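Trainee: Please find one structure pasted underneath; my questions will follow.
Rule-based calculations on the coordinates, nothing more; no lab input. From a predicted model like this one, the values you see are computed outputs, not experimental measurements. As a convention, Cβ positions derive from the backbone with ideal geometry for all residues, glycine included, and neighbour counts pool all protein chains shown.
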Amino acid sequence: MDKHRQLKQYIARHGAEISKVVYVDPKRHQLLPLDFTAGSKQLSPEIIGDTFLFSEWLFKTLKEKKCKYGIGGYFEHRTLYNNKPLFNTDGEPRNVHLGVDVWGDAGTMVKAPMQGIVHSFADNSGAGNYGPTIILEHDLDGLKLYSLYGHLSTDSLLGLSEGMAIEKDETLGEFGSSEENGGWAPHLHFQLMFDMQGWKGDYPGACRASEEESYRQNIADPNLILRFPEQVIIK
């Protein structure tokens, strides 16, 4: 059976058992969808290309809109990476985003949505990289699923070991600051993979447009796990 279909069937059966990756109170919180494509009406190229200006814009906008988080990015074709050398090697740029980003305050708690084990972890240092990263392995009624949490704080990696059991709703870490998370405004990069394809402590968070169809086979929609209530997302 197709793994994407298997995952949807698992969630249909066990959705009530999946907990929140980040805390959202539907009665108090709102979420702002963010658009980082070339046609974005939210952001100018100048703001997108400057970490300081982008961070300033992000938190000012979230405050003005009374939103707790900015969200978005699954298979989004982004201009956000145009000034990042990490994404612009070997000709064709890696500008297709493979996960969902949740933008918010540094120190925001990140929790495990399901029981699993620590597959691997690493501090992927360098400008534009993930910074501290944790990858969990889950067994969902025989379906293997991996969840990746990138741009965490350095302290989030303390005490971890490969194979370590992680319980549902257990705190994994927190959003890292720009000084430790690869030079980004604070946020969580959340991504789902069916196969780690030999990677440990890391997995591509963006691909080339020519690779998109191939990655779609292995990358599940993170929104299936995040499940933000529709009523809290600003249209």
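Trainee: At a threshold of 8 angstrom on Cα-Cα distance, excluding pairs fewer than six apart, so keeping six or more, what relative contact order does the range 85-221 reach in percent?
Mentor: Values: 332 pairs, mean separation 46.3, N = 137.
Dividing the mean separation by the residue count of the range 85-221 yields 34 percent.
Trainee: Convex hull over the alpha-carbon atoms of the range 130-235: what's its volume per residue in Å³?
Mentor: Working: hull volume 15.8 nm³, N = 106.
Looking at the range 130-235, the number lands at 149 Å³ per residue.
Trainee: I want to check the label-to-label distance for residue 199 and residue 50. Put each point 7 Å from Cα in the C-beta direction and report it in nm to one decimal.
Mentor: 3.2 nm
Trainee: Contact order normalised by length for the chain, with contacts defined as Cα pairs under 8 Å and 6 or more residues apart; what percent is it? Don't jump to the answer; show the numbers that get you there.
Mentor: Details: 510 pairs, mean separation 55.2, N = 235.
Relative contact order of the chain: 23 percent.
Trainee: May I ask you to evaluate 6.51 cos²θ - 1.76 cosθ + 1.60, the Karplus curve with θ = phi - 60°, for each residue of the range 136-151 and list the ³J(HN,Hα) values in order in whole Hz, giving x for glycine and proline?
Mentor: Values per residue, Gly and Pro as x: 9, 10, 10, 10, 9, 6, x, 8, 7, 9, 10, 10, 10, 10, x, 6 Hz.
Trainee: Taking every DSSP beta bridge that has both residues in the chain, what percent is antiparallel when rounded to the nearest 5?
Mentor: Values: 38 of 42 bridges.
In the chain, approximately 90 percent of DSSP beta bridges are antiparallel ones.
Trainee: Net charge near residue 138: determine it from the other residues with C-beta under 11 Å of the C-beta of residue 138, scoring Lys and Arg +1 and Asp and Glu -1. Walk me through the numbers before you get to the answer.
Mentor: Working: positive: 144, 168; negative: 137, 139, 141.
Net of charged neighbours comes to -1.
Trainee: Something else: From the phi angles alone, apply the Karplus equation (6.51, -1.76, 1.60; θ = phi - 60°) to the range 110-123 and give each ³J(HN,Hα) in whole Hz, x where the residue is Gly or Pro.
Mentor: Result, rounded to whole Hz: 10, 10, 7, x, 8, 5, x, 10, 6, 6, 5, 7, 6, 9.
Trainee: Which pairs break 27 Å Cα to Cα here: 60/168; 66/144; 63/168; 41/65; 8/60; 3/68? Walk me through the numbers before you get to the answer.
Mentor: Numbers: 60/168 33 Å; 66/144 38 Å; 63/168 31 Å; 41/65 16 Å; 8/60 36 Å; 3/68 33 Å.
Distance filter (> 27 Å) returns 60/168; 66/144; 63/168; 8/60; 3/68.
Trainee: Now a separate question. Just to confirm a number: summing +1 for Lys and Arg and -1 for Asp and Glu over residues other than residue 170 whose beta-carbon lies under 15 angstrom from that of residue 170, what do you get?
Mentor: Details: positive: 20, 111, 168; negative: 17, 137, 167, 169, 174.
Residues close to residue 170 contribute a combined charge of -2.
Trainee: Give me the percent relative contact order of the range 143-235, please, defined on Cα pairs under 8 angstrom at least 6 residues apart. Walk me through the intermediate numbers first.
Mentor: Details: 89 pairs, mean separation 29.1, N = 93.
Reported relative contact order: 31 percent.
Trainee: How large is ³J(HN,Hα) for each residue in the range 228-235, as worked out from phi by the Karplus curve 6.51 cos²θ - 1.76 cosθ + 1.60 (θ = phi - 60°), to whole Hz, x for Gly and Pro?
Mentor: 5, x, 4, 5, 9, 8, 5, 8
Trainee: Still on this structure, I have one more. Residue separation times 0.36 nm, minus the C-alpha to C-alpha distance between residue 211 and residue 127: what's the value? Provide the component values of the computation, followed by the final result.
Mentor: Details: separation 84, 0.36 × 84 = 30.24 nm, distance 2.31 nm.
27.9 nm is the gain from fully extending residue 211 to residue 127.
Trainee: If you place +1 on the Cβ of every Lys and Arg, -1 on the Cβ of every Asp and Glu, and leave all else neutral, what size is the dipole of the chain about its Cα centre, to the nearest 20 Debye? If you can, show how the numbers build up before the last one.
Mentor: Details: 24 positive and 32 negative charges, 181 e Å.
The calculation lands at about 880 debye.
Trainee: Something else about it: Mind ordering 184-190, 26-32, 168-174, 202-208 by average Cβ neighbours within 10 Å, highest first? Mind showing how you got there, number by number?
Mentor: Numbers: 184-190: 25.3, 26-32: 14.4, 168-174: 16.6, 202-208: 20.6.
In descending order of packing, they fall as 184-190, 202-208, 168-174, 26-32.
Trainee: How much length, in nm to one decimal, is gained on full extension between residue 144 and residue 227, taken as 0.36 nm per residue of separation minus their Cα-Cα distance?
Mentor: Working: separation 83, 0.36 × 83 = 29.88 nm, distance 1.99 nm.
Going from the current span to full extension adds 27.9 nm.
Trainee: Determine the calculated [θ] at 222 nm for the chain from helices alone, applying -39500 (n - 2.57) to every DSSP H run no shorter than 4 residues and normalising by the residue count; nearest 500 deg cm²/dmol. Before the final figure, lay out each step's value.
Mentor: Details: 5 runs with 41 residues, N = 235.
Theoretical 222 nm ellipticity from helices: -4500 deg cm²/dmol.
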